[in-house]
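Q: Dropping the structure in here first, questions after.
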Amino acid sequence: MFLNNQCLGTYEPCGKSLTQSLAISCGAMVELKSEPIIVVKGRFRAPIQRYYGLFFYLINNRGGYIDISSVVISTNSEVFNALSLTDSWKKYEAAINKLKYEGKYAQAITNEFQAKLKQLALDKQYFADLTKAIFAGDQQKLNAILASFYQRIIKDDEFQLESYAERASLQDTLGQNEEQAAAVQDSPEGTYLPIKLDLDPIAGKNVKDIRPGDKILVRVIPENERANAFIDNARLRTESGFIRSAPFTVTSVIYPEKGVELIGKLQEGVYGRILEEQNVLVRMAEPVKPPTKAPQVSSQATLPDDKKQLLFIGAGLAGIAILAILLYFLITSF
């Protein structure tokens, strides 16, 4: 990407040192028109309202729709600086899922925007405006379209949004070495759903000990159309809205610079990928049961009282009979 005189991703006048160091060429953006999948990722901040967010869209350019859209909003200002615009969209996905999993986000407003993103993904006019700005290389227009969505609810005179559009691949990695990257590329192609680990702090298996072939439990995150469709088809959603865990067969384990990345299958053609940086215990789909002890038979068998009495009488009669025989032989011998 070459530098131009437009600020990359800033919904504000040019001149900021941060944005001057990053730019997208119009030519490079036009080239995206031939890409099957495009990613738009970014971050925003509303310092007056104290909201800081990360987001990304996966655009199916051939199909003409927004395939995946995800957002997280926090009151922690560090979220805005957690990633750079040139970081992989997979890092954005991992960061968003991690914040949600750990509960370090503003749940109410995040859920509100996530629900609106779900509706927005079906808006043909929004999709047309979005892709038109991307293909034209009009960064300011792209930022204005993205910012207008968030500014419908977040009213902040100092609102600032930065974004970045580029080609995307479902096989993007998180900076692994060539051997690890090859392992990711060998993972099966299909639909990848956002998931999180189901933990068992008592009897679970350490995530670092998980190996290909292990069956663990995960929860599908209902943050896009495909995830919600899978949840409903698999009957994982309860009447109260709780999402039940689903079995997940691990097909690949990768060790990036930090944490463990698990790739696996929910069902045929439906997969998931998890980056876990913490040392957690994972709930297994098929827990190992401790061997059951065979019931010990008492060496002293108990008998009913009536049978005990008959046994004693029988033993007494046998004793008398033996004594009588001995006496008989003693008398006849004299």
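Q: Evaluate the following for residue 56: is it within 25 Å of residue 137 (Cβ to Cβ), among the aromatic types (Phe, Trp, Tyr), touching a residue at least 60 places away in the same chain (Cβ under 8 Å) and surrounded by 18 or more Cβ atoms within 10 Å (Cβ to Cβ)?
A: Values: within 25 Å of residue 137 (Cβ to Cβ): yes; among the aromatic types (Phe, Trp, Tyr): yes; touching a residue at least 60 places away in the same chain (Cβ under 8 Å): no; surrounded by 18 or more Cβ atoms within 10 Å (Cβ to Cβ): yes.
Against the criterion (within 25 Å of residue 137 (Cβ to Cβ), among the aromatic types (Phe, Trp, Tyr), touching a residue at least 60 places away in the same chain (Cβ under 8 Å) and surrounded by 18 or more Cβ atoms within 10 Å (Cβ to Cβ)), residue 56 does not qualify.
Q: Scanning region 240-259 for residues that are more than 26 Å from residue 228 (Cα to Cα) and not hydrophobic (A, V, I, L, M, F, W, C), which turns out modelled with the lowest pLDDT?
A: Step by step, filter region 240-259, then rank; the result is 257.
Q: Are there helices (runs of 4 or more DSSP H) fully within region 1-109 with at least 1 residues that are modelled with pLDDT of 80 or more and under 22 Å from residue 133 (Cβ atoms)? List them.
A: Numbers: elements: 17-20, 26-31, 89-102.
Where helices (runs of 4 or more DSSP H) fall fully within region 1-109 and carry at least 1 residues being modelled with pLDDT of 80 or more and under 22 Å from residue 133 (Cβ atoms), they are 89-102.
Q: All but one of (1) crowded, with 18+ Cβ neighbours inside 10 Å; (2) small (Gly, Ala, Ser); (3) under 19 Å from residue 167 (Cα atoms) hold for residue 95; which doesn't?
A: Every listed condition holds for residue 95 apart from (3).
Q: Okay, next question. Restricting attention to region 200-240, report how many residues are open to solvent by 40 Å² or more (accessible area, probe 1.4 Å) and either part of a loop (DSSP other than H, G, I, E, B) or among the small types (Gly, Ala, Ser) (or both).
A: 12
Q: Moving on to the next point. Please go through region 124-165 and pick out each residue that is of a type in the set (Phe, Trp, Tyr), under 17 Å from residue 74 (Cα atoms) and either open to solvent by 10 Å² or more (accessible area, probe 1.4 Å) or at pLDDT below 90 (or both).
A: 159, the sole residue that qualifies.
Q: I'd like to know if region 111-120 contains one or more residues that are outside any helix (DSSP H, G or I) and open to solvent by less than 70 Å² (accessible area, probe 1.4 Å). Even if it seems obvious, please write down each step before you answer.
A: Here is the first cut: in region 111-120, the ones outside any helix (DSSP H, G or I) are none.
No, region 111-120 has no match at all.
Q: Looking only at residues in region 62-78 that are open to solvent by 10 Å² or more (accessible area, probe 1.4 Å) and β-branched (Val, Ile, Thr), which one is farthest from the chain's Cα centre (by Cα)?
A: It comes out as 75.
The values are calculated or read from the model by the stated rules, or taken from the named source; none is laboratory data. Computed from a predicted model, the values in this text were never measured in an experiment. Cβ coordinates were reconstructed from backbone atoms using ideal geometry, including for glycine residues, and neighbour counts include every protein chain displayed. The area values use the complete protein model at the heavy-atom level, side chains included, leaving out ligands, DNA and RNA. Shrake-Rupley method; radii C 1.70, N 1.55, O 1.52, S 1.80 Å.
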